[in-house]
2 protein chains.
Amino acid sequence: MDTRALAVFVTVADCLNFSRSSEQLHMSVSAVSRTIQRLEDELGQALLIRDKRSVRLSGAGRDFLAYARRAVDEWQQVRRQLGSATELVGEVSLYCSVTATYSVLAPILAAFRAAHPAVEIMMHTGDQADGISRVLSAQDDVAVTGRPPRLPQRLEFLPLLESPLCIWVPTADCAVRQVALGGDADSPGFDWDRLPFIVPERGITKDILDAWLRERGIRPRVYAQVAGHEAIVAMVGLGLGIGIAPQLVVRASGMADSVSPLNMANSLPPLAIGLCGLRRRLQNPLVKSLWDVAGQTYNGAV
Amino acid sequence: MDTRALAVFVTVADCLNFSRSSEQLHMSVSAVSRTIQRLEDELGQALLIRDKRSVRLSGAGRDFLAYARRAVDEWQQVRRQLGSATELVGEVSLYCSVTATYSVLAPILAAFRAAHPAVEIMMHTGDQADGISRVLSAQDDVAVTGRPPRLPQRLEFLPLLESPLCIWVPTADCAVRQVALGGDADSPGFDWDRLPFIVPERGITKDILDAWLRERGIRPRVYAQVAGHEAIVAMVGLGLGIGIAPQLVVRASGMADSVSPLNMANSLPPLAIGLCGLRRRLQNPLVKSLWDVAGQTYNGAV
DNA sequence: CCCCTATATTGCATAAATCGCAATACAGTA
DNA sequence: TACTGTATTGCGATTTATGCAATATAGGGG
């Protein structure tokens with residue numbers, strides 16, 4: 001019998017709800033369900049009475065809960081006593097865009113370094129669009145990324161902040177700007193066809209944009225497919241076309257003066273930015289602590 | 001962390017010897033070694049100091065041992081409390097020869113039935129030679145068999161009793177008997193060639209006999225290869241030849257008067273008879289309890 | 001001094017446990 | 001009635017544990 005199973009049982013016994021427990025425990029509902037089943041199997045007793053609309057403790061469950069709390073507690077105590085929990089040592093690998101390094105990560109890393117000076121951070125930067133796949137393929141423990149529309153259950157997402165997703169227009173007076181500001185972007189007659197559009201090559205921003213365009217029946221003239229928001233902003237700033245990027249990136253880019261947002265009534269939904277990691281990896285205390293520090297740093301911000 | 005790992009640690013801490021622990025725990029040495037490694041890994045502390053010729057507890061190990069004992073104890077206590085250990089229910093499957101049923105198994109089964117009336121015994125009888133493979137292929141939980149010369153480590157063997165392995169000669173006055181008793185079986189000149197030999201088709205007895213014959217450079221005249229000691233005894237009793245079988249089988253066969261042993265100075269080694277089972281299956285409490293009852297029933301007999 | 005035994009560890013292949021996903025079942029609700 | 005929320009289950013895939021064989025090393029004779 002595994003202490004993890006005991007911890008699961010304690011959580012479920014507290015929530016009296018498998019779904020909520022599964023979230024707290026960073027596991028799937030089925031994993032929780034089976035963990036309890038195994039436990040009951042091993043004990044030859046039902047611990048939780050589930051009757052299709054409620055979960056409650058059985059008599060044996062109440063007795064066992066007392067034991068389980070104590071056992072979990074004593075285990076953690078002995079861990080601490082042996083010093084394994086005093087200081088975390090090891091490394092955590094992190095994937096993010098260059099922009100995220102400044103704007104999202106800086107405060108997290110400062111706090112994390114202060115809390116766990118012996119943990120090394122392996123940071124890999126690149127196109128934010130690759131974050132999810134880097135995490136899924138276990139190349140990195142955690143990535144800073146936008147929230148995917150559909151989150152695979154083995155991924156965990158911790159929202160940190162939101163940034164408006166805008167379509168950006170060059171500030172300099174040029175053909176692109178004149179067309180872009182020459183009409184009402186909300187109206188069906190807006191001249192999308194004459195506007196060179198710089199779109200993301202892949203990733204969440206591309207997915208959101210595609211959905212948004214499809215909804216409105218807009219078929220943009222794609223001027224370039226570019227990897228990385230930073231590059232999109234740069235190209236827009238140079239007057240090559242209009243492009244999509246989170247406001248955050250523009251602010252951090254040093255090109256805030258070279259681009260301005262395209263005003264629209266029904267604008268794009270804001271982008272939720274946060275940490276993304278494999279659930280399984282979150283059981284690793286190092287990854288878990290980075291996660292926790294991030295959550296605390298941005299506590300209540302979103 | 002698994003309570004099983006704790007139990008392993010407690011055992012090793014008590015023995016201060018991995019090999020002996022592995023026997024007590026019904027696991028391979030490597031499994032024990034790795035269990036301890038995992039534990040140390042999880043705690044980030046060495047628990048046992050191994051310096052190539054001795055094992056002793058580290059400081060952390062001593063502390064942890066106190067915890068581990070308590071944790072194992074409390075776990076067993078809560079199990080008992082919840083009643084999972086009150087009565088065993090289920091079934092155990094058993095393979096043995098017809099003879100073993102009477103001579104070896106009877107007292108075990110009587111004691112086992114008394115101790116665990118709710119456990120059903122599924123008994124399969126057949127040639128004792130097949131016992132090992134039945135167990136290896138998990139067709140049966142446990143078999144009564146002779147001790148194999150080389151025991152695969154995933155098998156456990158519990159010796160119960162020994163029986164002399166003899167070469168049997170018909171009692172009735174016949175050609176076979178005259179030749180067999182007409183010379184000194186120990187002498188190199190003994191007339192093996194003129195004696196029809198009834199040998200086991202396969203199994204441990206065959207292996208032992210083959211080795212014994214090879215050692216002495218005897219090439220017997222094989223009259224028949226037969227499955228099952230009972231059949232060998234029967235054929236010898238009918239005067240068809242000489243044959244090998246444990247004394248136990250002859251005694252139980254009702255043909256004890258029809259056959260007599262061939263006297264030899266350097267006789268065959270006695271056959272160790274006992275229970276054989278997959279180590280893994282021994283962790284099943286039902287199988288374990290049958291094993292334990294057998295051990296107690298024949299306690300000290302061998 | 002060298003071979004042999006005893007003991008613990010490690011690479012590797014295999015067996016078992018666990019997990020997440022998708023499908024299912026069922027009760028309450030809009 | 002369709003829909004939502006919740007728990008379970010079959011199944012494939014991944015992760016973990018195990019046994020075996022090989023390796024390493026020390027001690028004990030001959």
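The values are calculated or read from the model by the stated rules, or taken from the named source; none is laboratory data. Since the structure is predicted, the reported quantities are computational estimates derived from the model, not experimental observations. All Cβ positions, glycine included, derive from the backbone under ideal geometry; neighbour counts span all protein chains shown. These accessible areas exclude ligands, DNA and RNA; they are computed on the full protein's heavy atoms, side chains included. Shrake-Rupley method; radii C 1.70, N 1.55, O 1.52, S 1.80 Å.
Listed residues B:A294, B:A272, B:A252, B:A234; which is open to solvent by less than 50 Å² (accessible area, probe 1.4 Å) and free of Cβ contacts under 8 Å to residues at least 24 places away in the same chain? Walk me through how you get there before you give the answer.
Details: B:A294 fails: free of Cβ contacts under 8 Å to residues at least 24 places away in the same chain; B:A272 fails: free of Cβ contacts under 8 Å to residues at least 24 places away in the same chain; B:A252 fails: free of Cβ contacts under 8 Å to residues at least 24 places away in the same chain.
On inspection, the qualifying residue turns out to be B:A234.
Residue by residue, here is whether (1) assigned by TED's automatic domain parsing to the domain that holds A:L240; (2) in contact with a strand residue (DSSP E or B) (Cβ under 7 Å, 6 or more places away or on another chain) holds:
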{"residue": "A:A256", "(1), (2)": "yes, no"}
{"residue": "A:P261", "(1), (2)": "yes, yes"}
{"residue": "A:A265", "(1), (2)": "yes, no"}
{"residue": "A:C276", "(1), (2)": "no, yes"}
{"residue": "A:R279", "(1), (2)": "no, yes"}
{"residue": "A:L282", "(1), (2)": "no, yes"}
{"residue": "A:L286", "(1), (2)": "no, yes"}
{"residue": "A:S289", "(1), (2)": "no, no"}
{"residue": "A:V293", "(1), (2)": "no, no"}
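With (1) at pLDDT below 85; (2) open to solvent by less than 30 Å² (accessible area, probe 1.4 Å) as the list, and A:R80 as the residue in question, which single condition is left unmet?
Condition not satisfied by A:R80: (2).
Given the condition within 31 Å of the chain's Cα centre (by Cα), under 30 Å from B:E230 (Cβ atoms) and of a type in the set (A, V, I, L, M), answer yes or no: does some residue in segment B:52-60 qualify?
No, segment B:52-60 has no match at all.
(1) in a helix (DSSP H, G or I); (2) outside the structural domain of B:E23 (by TED's automatic domain parsing); (3) touching a Lys or Arg at 6+ places or on another chain (Cβ under 9 Å); (4) more than 16 Å from DNA strand C (Cβ to nearest atom): which one isn't true of B:Y95, the others all being true?
Failing condition for B:Y95: (1).
So for segment A:29-47 (the condition being among the aliphatic types (A, V, I, L, M), more than 18 Å from A:T11 (Cβ to Cβ) and open to solvent by less than 30 Å² (accessible area, probe 1.4 Å)), does at least one residue qualify?
Checking segment A:29-47: not a single residue is among the aliphatic types (A, V, I, L, M), more than 18 Å from A:T11 (Cβ to Cβ) and open to solvent by less than 30 Å² (accessible area, probe 1.4 Å).
Out of the residues in segment B:1-41 that are β-branched (V, I, T) and within 14 Å of chain A (Cβ to nearest Cβ), which is farthest from DNA strand D (Cβ to nearest atom)?
B:V10
Does A:L39 satisfy the criteria of being touching a Lys or Arg at 6+ places or on another chain (Cβ under 9 Å) and not hydroxyl-bearing (S, T, Y)?
No; evaluated as a whole, the condition is false for this residue.
Any residue at all in segment A:48-60 that's assigned to a helix (DSSP H, G or I) and either at pLDDT below 90 or more than 16 Å from DNA strand C (Cβ to nearest atom) (or both)? Working first, answer last.
Taking segment A:48-60 as the starting set, the residues that turn out to be assigned to a helix (DSSP H, G or I) are A:59-60.
From what's left, either at pLDDT below 90 or more than 16 Å from DNA strand C (Cβ to nearest atom) (or both): A:59-60.
Checking segment A:48-60: at least one residue is assigned to a helix (DSSP H, G or I) and either at pLDDT below 90 or more than 16 Å from DNA strand C (Cβ to nearest atom) (or both).
With the requirement that a residue be open to solvent by 60 Å² or more (accessible area, probe 1.4 Å), without any contact (Cβ under 8 Å) to a residue 60 or more places away in the chain and either in contact with a Leu (Cβ under 8 Å, 6 or more places away or on another chain) or over 26 Å from B:Q178 (Cβ atoms) (or both), what does segment B:202-231 give you?
B:D207, B:R214, B:E215, B:R219, B:R221, B:Y223
Would segment A:120-141 turn up any residue that is exposed (fewer than 13 other Cβ atoms within 10 Å of the Cβ), of a type outside the set (S, T, N, Q) and closer than 17 Å to A:Q225 by Cα?
Within segment A:120-141, none of the residues are exposed (fewer than 13 other Cβ atoms within 10 Å of the Cβ), of a type outside the set (S, T, N, Q) and closer than 17 Å to A:Q225 by Cα.
Can you tell me which of (1) open to solvent by less than 60 Å² (accessible area, probe 1.4 Å); (2) touching a residue at least 60 places away in the same chain (Cβ under 8 Å); (3) part of a helix (DSSP H, G or I) is the one B:L109 doesn't meet?
Unmet for B:L109, out of (1) open to solvent by less than 60 Å² (accessible area, probe 1.4 Å); (2) touching a residue at least 60 places away in the same chain (Cβ under 8 Å); (3) part of a helix (DSSP H, G or I): (2).
For residues in segment B:270-286 being modelled with pLDDT of 85 or more and more than 14 Å from DNA strand D (Cβ to nearest atom), which is nearest to the other protein chains (Cβ to nearest Cβ)?
Step by step, filter segment B:270-286, then rank; the result is B:L275.
Considering only residues that are farther than 16 Å from B:Q77 by Cβ and among the hydroxyl-bearing types (S, T, Y), look in segment A:42-81 and name the one that is farthest from the other protein chains (Cβ to nearest Cβ).
If we take residues in segment A:42-81 being farther than 16 Å from B:Q77 by Cβ and among the hydroxyl-bearing types (S, T, Y), then A:S54 is farthest from the other protein chains (Cβ to nearest Cβ).
Has segment A:145-153 got any residue that is more than 14 Å from chain B (Cβ to nearest Cβ) and assigned to a strand (DSSP E or B)?
Yes, segment A:145-153 contains at least one residue that is more than 14 Å from chain B (Cβ to nearest Cβ) and assigned to a strand (DSSP E or B).
Please verify whether B:D2 is modelled with pLDDT under 85, within 12 Å of DNA strand C (Cβ to nearest atom) and open to solvent by 30 Å² or more (accessible area, probe 1.4 Å), treating the condition exactly as stated.
So B:D2 fails the test.
Condition first: at pLDDT 85 or above, part of a strand (DSSP E or B) and surrounded by fewer than 19 Cβ atoms within 10 Å (Cβ to Cβ). Can you find one or more residues in segment A:160-171 that meet it?
Yes, some residue in segment A:160-171 is at pLDDT 85 or above, part of a strand (DSSP E or B) and surrounded by fewer than 19 Cβ atoms within 10 Å (Cβ to Cβ).
Return yes when B:L275 is away from DNA strand C (no atom under 16 Å from the Cβ) and within 18 Å of the chain's Cα centre (by Cα) and no when it is not.
For B:L275, the condition - away from DNA strand C (no atom under 16 Å from the Cβ) and within 18 Å of the chain's Cα centre (by Cα) - is met.
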